[in-house]
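Structure first, commentary second.
Readers should treat all values here as calculations from the given coordinates under stated rules, not as data from a laboratory. As the structure is a computational prediction, the values presented were derived from the model and not from experiment. Cβ sites come from the backbone with ideal geometry, for glycine too, and all protein chains shown count toward neighbours.
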Amino acid sequence: MKRSKVLVSALAAMIVATALAGCGKKAEPAPSAGGNTPAKGGKKIIVWSHLKPEEVTAIKPIAEEWAKSTGNTVEVLEDKGDMNAFAQAAASAKAADIMYGLPHDNLGAFVKAGVVAEVPSGVIDESKYEKNTINAVSIGGKKYAVPIAQETLGLFYNPDKVTAVPKDMNALIEDGKKNGFLYQAKDMYFSYAVISGFGGYIFKDTNGVLDPNDIGLATEGGKKGFAMLERFSKELGMKSTVDSAKAVAEFKAGKIAYFISGPWDAEGLAKEKVKFKVVPIPSVDGTNPAKPFLGVQSAFVNSKSKNQTEAWELMKYLTAKTEKQLWEVGHRLPVLKDSPINSEVAKTDYAGFALQAKNSYPMPNIVEMQAAWKLNDSLPLLLDGKQDANTFADTAAKNLKAQLATQAK
């Protein structure tokens with residue numbers, strides 16, 4: 001999920017081409033799907049997935065169980081192509097009926113390309129999900145995908161160096177001066193937790209509906225957030241030269257006691273037997289919680305599929321049956337409030353991420369977000385002392401509005 005924002009921009013570039021899909025030759029999908037040839041007594045449903053290879057392998061038998069019980073056949077494939085492949089191939093004879101396991105922030109571009117079916121009533125019982133996971137798969141108040149797993153950031157700390165975890169950012173900075181605290185502050189994916197915690201925002205969110213015309217980077221909250229990043233730079237040395245690789249390396253070497261990252265680093269540290277614990281990121285000011293981005297692995301049905309009924313039946317079966325496999329194989333956090341997997345998560349190093357997920361914000365899933373990621377190009381101006389927080393916030397908001405205007409042309 002942390003890298004999906006790079007793919008969104010590439011996908012968005014395909015929207016125009018996809019909109020012209022009725023003209024010319026259809027593009028073929030990345031995997032060799034074998035076609036939608038009906039099986040004896042039923043239909044053939046094709047599933048593509050951007051989950052990890054071992055996760056795709058784990059969900060295949062579950063899909064086959066459904067096929068056997070319904071008289072259909074199913075083929076589950078790892079989509080090794082880029083995110084454009086589905087959009088290009090959606091209307092072709094070999095396209096997938098279901099995309100199962102896709103970072104939700106790619107959803108807006110697919111919806112705009114017209115290749116995603118709206119979720120029918122009865123597929124999702126919203127009362128069983130955390131609200132932010134439903135918001136993650138919704139655009140303009142309509143649901144276009146089903147949440148299947150979630151991830152967010154947390155504060156890693158060395159239990160040999162830290163006796164009491166700081167309760168707020170001021171305390172974290174003070175202890176960081178003594179014991180070390182670094183993370184990739186030059187990336188809004190990591191730093192949004194601070195901006196959002198103070199009340200700043202990229203796009204105004206009203207009950208899950210995003211307004212790209214209302215930018216909140218230069219609000220009072222946004223400026224307080226950037227001022228905190230400025231402190232990280234001045235007091236902790238968190239310059240633009242600091243990336244995740246450097247932070248993790250220094251944590252392993254015992255040079256720092258804290259860093260901010262996601263489940264992918266927990267898995268790596270555990271394999272290397274490095275001592276660590278994960279907790280939610282401390283409050284930004286002792287009152288307001290830090291709210292990092294939430295990433296949701298989602299699943300949707302191809303709007304061009306001729307097997308809509310069977311595709312949604314299989315979708316419901318997979319979402320009901322695969323959370324155990326996604327946890328055991330991929331360490332994916334469940335999205336259901338009452339999932340039996342939650343008690344297992346609570347006993348592991350991933351419990352801190354699960355707690356933080358309740359105080360997180362779904363990464364914007366609209367196509368305008370691709371322009372917002374360009375903030376990463378300018379964050380070095382703040383971190384390296386070339387602009388103060390107020391100037392940076394005003395300039396960042398102004399530049400984003402200009403980029404959105406250009407993108408809309």
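By the beta-carbon count within 10 Å of each Cβ, the least crowded to most crowded order of LYS255, LYS347, LYS224, fewest first, is LYS347, LYS255, LYS224.
Toward the positive end of the charge dipole of the chain, with +1 on the Cβ of Lys and Arg and -1 on the Cβ of Asp and Glu, the farthest Cα among TYR361, GLY286, TYR317 is that of TYR317. Per the helix-only calculation at 222 nm, which mean residue ellipticity applies to the chain, given -39500 (n - 2.57) for every DSSP H run of n ≥ 4 and division by its residues, nearest 500 deg cm²/dmol? After summing the helix terms and dividing by the residues of the chain, the value is -12000 deg cm²/dmol. Scanning residues 5 or more positions from GLN150 or on other chains, those with amide H under 5 Å from its amide H are GLN297, LEU333, with H placed 1.01 Å from N in the peptide plane.
For a modelled paramagnetic label at LYS306, 7 Å from Cα along Cα-to-Cβ, the residues of segment 91-130 in reach, with backbone nitrogen under 17 Å, are 91-98.
Only Cα pairs under 8 Å and 6+ residues apart enter the sum, and on that basis the relative contact order of the chain stands at 25 percent. For ALA171 and LYS239, the difference between the fully extended length at 0.36 nm per residue and the C-alpha to C-alpha distance is 22.5 nm.
When both segment 383-403 and segment 165-189 are represented by their alpha-carbon centers, they are found 22 Å apart. When ASP243, ASP338 are arranged by Cβ crowding within 10 Å, least crowded first, meaning fewest neighbours, the order is ASP338, ASP243. Database remark: amide H of ALA290 closer than 5 angstrom to the amide H of SER283, VAL284 (H placed geometrically; neighbours at sequence offset of 5 or more, or on other chains; Pro and chain starts carry no H). Each principal axis of the Cα atoms in the chain has its own extent, and those three values, largest first, are 69, 50, 35 angstrom. Electrostatic tally near GLY225: other residues with Cβ closer than 13 Å to its Cβ, Lys and Arg +1, Asp and Glu -1, net +1.
I need the shape label for segment 211-250. Rule: rounded when a/c is under 1.5, else prolate if a/b > b/c, else oblate, with a, b, c from the alpha carbon gyration tensor. Because a/c hits 1.5 or more and a/b fails to exceed b/c, segment 211-250 counts as oblate.
The ASN179 and GLU64 beta-carbon pair, evaluated with R₀ = 35 Å, returns a calculated FRET efficiency of approximately 0.10.
Relative contact order of segment 84-170, taken over Cα pairs closer than 8 Å and 6 or more residues apart, is 23 percent. Once both labels are positioned 7 Å from their Cα atoms along Cα-to-Cβ, the gap between SER121 and ASN342 label points is 2.7 nm.
Residue exposure proxy: THR57, THR319, ordered by other Cβ atoms within 10 angstrom of their Cβ from fewest to most, comes out as THR57, THR319.
Express the relative contact order of segment 225-299 as a whole percentage, based on alpha carbon pairs under 8 Å and six or more residues apart in sequence. Answer for segment 225-299 is 13 percent. Modelled spin labels at LYS161 and LYS324, positioned 7 Å past Cα toward Cβ, are 4.0 nm from each other.
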